[in-house]
1. Which condition number does Glu159 fail, the rest of (1) at pLDDT below 95; (2) in contact with a strand residue (DSSP E or B) (Cβ under 6 Å, 6 or more places away or on another chain) being met?
2. Identify all residues within segment 129-158 that are under 23 Å from Val102 (Cβ atoms) and in a loop (DSSP other than H, G, I, E, B); write none if there are none.
3. In segment 132-141, which residues are surrounded by fewer than 17 Cβ atoms within 10 Å (Cβ to Cβ) and under 21 Å from Asn85 (Cα atoms)?
4. Considering only segment 1-26, state which residues are at pLDDT below 75 and either small (Gly, Ala, Ser) or surrounded by 14 or more Cβ atoms within 10 Å (Cβ to Cβ) (or both).
5. Could you list, in sequence order, all residues of segment 77-109 that are loosely packed, with under 14 Cβ neighbours inside 10 Å and farther than 21 Å from Ser15 by Cβ?
6. Give segment 36-64 a look and list any residue that's at pLDDT below 80 and either part of a strand (DSSP E or B) or among the hydrophobic types (A, V, I, L, M, F, W, C) (or both), or say none.
7. Residues in segment 131-150: is at least one on the phi > 0 side of the Ramachandran plot, of a type outside the set (Lys, Arg) and under 17 Å from the mean Cα position of the chain (by Cα)?
8. Given (1) assigned to a strand (DSSP E or B); (2) more than 14 Å from the chain's Cα centre (by Cα), identify the lone condition not met by Asn99.
Amino acid sequence: MKYQLVKNSKNNLYSKLLYSSFNSLTTSWIMNNYHINYDDCSMTPGVEFYSLKHYLLRYSDQILAGMSFNLNCQKEYQVEKMGFNLTDDQKHSSCEVLNFFVISIPNRNSFYVGQANVELVQSILKTNKLKSVFATCLPKIFPIYSRFGWDLADELVFENYKKLYLIQYSLE
């Protein structure tokens, strides 16, 4: 079970799956920072300068999860737009996960999805000669990330009501 790179297409499966996973989250941040197309039920990051790589995790013919990376270390990260601060050194030696979603987990065994995530993150870091990757998560799901080697880097109150964690996975 491994993630596969999604090739760009007019009818982008990844953007439709992202929409189906996040369309119920009508936070002002998502509404202001993502392009949402209600007609074709798709969603994409609202910043064009991101150097995006989208991946889907499949098991047989079933899509289990998706993960998207921003590999443009020269521009503002999504996590910075959310209010987190990164140093120039951190940005030049890292990338970020823009979004991660789970569609289905066979036999309710999340270990395999978590392990596939780590393998993909490690591959992205090694291929791009980067030291770490940043992402965000809610405090209640951080213990899952922690089991797979992610560390808590920072936290803030997001949109004036919920705590959000900045997490980091490092090769070192």
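1. Condition (2) is where Glu159 drops out.
2. Selection gives Leu138, Phe148, Gly149, Trp150.
3. Those that are surrounded by fewer than 17 Cβ atoms within 10 Å (Cβ to Cβ) and under 21 Å from Asn85 (Cα atoms): Leu138, Pro139.
4. Listed by number, the residues that qualify are Ser9, Asn23, Ser24.
5. Asn85, Thr87, Asp88, Asp89, His92, Pro106, Asn107, Arg108, Asn109 - these are the residues of segment 77-109 that are loosely packed, with under 14 Cβ neighbours inside 10 Å and farther than 21 Å from Ser15 by Cβ.
6. Correct list: Val47, Phe49.
7. Yes, there is a match, as at least one residue in segment 131-150 is on the phi > 0 side of the Ramachandran plot, of a type outside the set (Lys, Arg) and under 17 Å from the mean Cα position of the chain (by Cα).
8. (2)
The values are calculated or read from the model by the stated rules, or taken from the named source; none is laboratory data. All values reported here derive from a predicted model rather than from experimental measurement. Every residue, glycine among them, receives a Cβ derived from its backbone with ideal geometry; neighbour counts consider all protein chains shown.
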